[in-house]
């Protein structure tokens, strides 16, 4: 019987090591900033290298706090002068009810053990919630799974299924079900990286098929929660 050698993979996303990626920025940051009003109080859950936090501070003049589980991420954020604490985000968060105007979870929902607890906590601590994730139902992922019969590499950002940080793959429809399950939240907008062509109109017609990285804006409907 063959055995898998018990040693860490060279390229292992479970380590959340941001060393060497201190200045990496995602192209969809601009769409998140568009959803946040100036001078707001914001918490970035799973803040990574802190560059989204810096943009919120410098471009939107927000008061921003961050939570990051990775020691390397926390260290990088602190070197940048950011207000970041270390910890998991799918647990009871160390913040007061309604402490923030916005809570943000960017490309991290699929990496936590308890997505429903994360969303409930986001609802508790903020009036508005901004959440993005890789859409597992994106058409290229479907094609690769159909014809190759394997987890799509593009979906896993080039990692293998066994050394990715992704725990819960989900689609846009799955996320909408999660919002209903948690309750007290309403989706007010869905954004994505646009091409400013007729292609965008087609994407809007079939978002679960054609949007690779949806960005959802939600608001709390139950002010007593």
task: State the antiparallel share, in %, of DSSP beta bridges confined to the chain, rounding to the nearest 5.
output: 40 percent
message: Please compute the modelled spin-label separation between residue 98 and residue 168, points set 7 Å along Cα→Cβ, answer in nm with one decimal.
response: 2.7 nm
statement: The base-10 log of I(q)/I(0) that the Debye equation returns for the stretch 102-225 at q = 0.09, 0.10, 0.21 Å⁻¹, one scatterer per C-alpha, is -0.27, -0.33, -1.22
field: Tail beyond 17 Å, pair distance distribution of the stretch 28-129 (Cα, percent)
entry: 46 percent
field: Among 158-169, 127-138, the order from most to least packed when residues are scored by Cβ within 10 Å on average
entry: 127-138, 158-169
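Taking R0 as 25 Å, what's the FRET efficiency between residue 153 and residue 187 from their Cβ-Cβ distance, rounded to 0.05? Can you show the working numbers first?
On the way: r = 30 Å, r/R0 = 1.19.
Computed FRET efficiency for residue 153 and residue 187: 0.25.
Can you give the relative contact order of the chain as a percent, counting alpha carbon pairs under 8 Å and 6+ residues apart?
Averaging sequence separation for qualifying contacts and normalising by length gives 20 percent for the chain.
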query: Sorted by packing (mean other beta-carbon atoms within 10 Å per residue), highest first, where do 38-48, 141-151, 13-23 land?
result: 38-48, 13-23, 141-151
query: How big is D, in µm² s⁻¹, for the stretch 13-220 by Stokes-Einstein at 20 °C and 1.002 mPa s if Rh is the Kirkwood radius over C-alpha pairs?
result: 122 µm²/s
task: Calculate the all-directions average of the projected area of the stretch 164-225's alpha-carbon convex hull, and give it in nm².
output: 5.5 nm²
task: Above 18 angstrom, tally the Cα pairs of the stretch 132-192 and express them as a % of all pairs, no decimals.
output: 43 percent
- request: Any chance you could run the full-extension gain for residue 17 through residue 61? It's 0.36 nm times the residue separation minus the Cα-Cα distance, nm to one decimal.
  value: 13.0 nm
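Coordinate-derived values only; no laboratory data. This one's a predicted model, so the numbers in the text were calculated from it and none came from an experiment. Cβ coordinates were reconstructed from backbone atoms using ideal geometry, including for glycine residues, and neighbour counts include every protein chain displayed.
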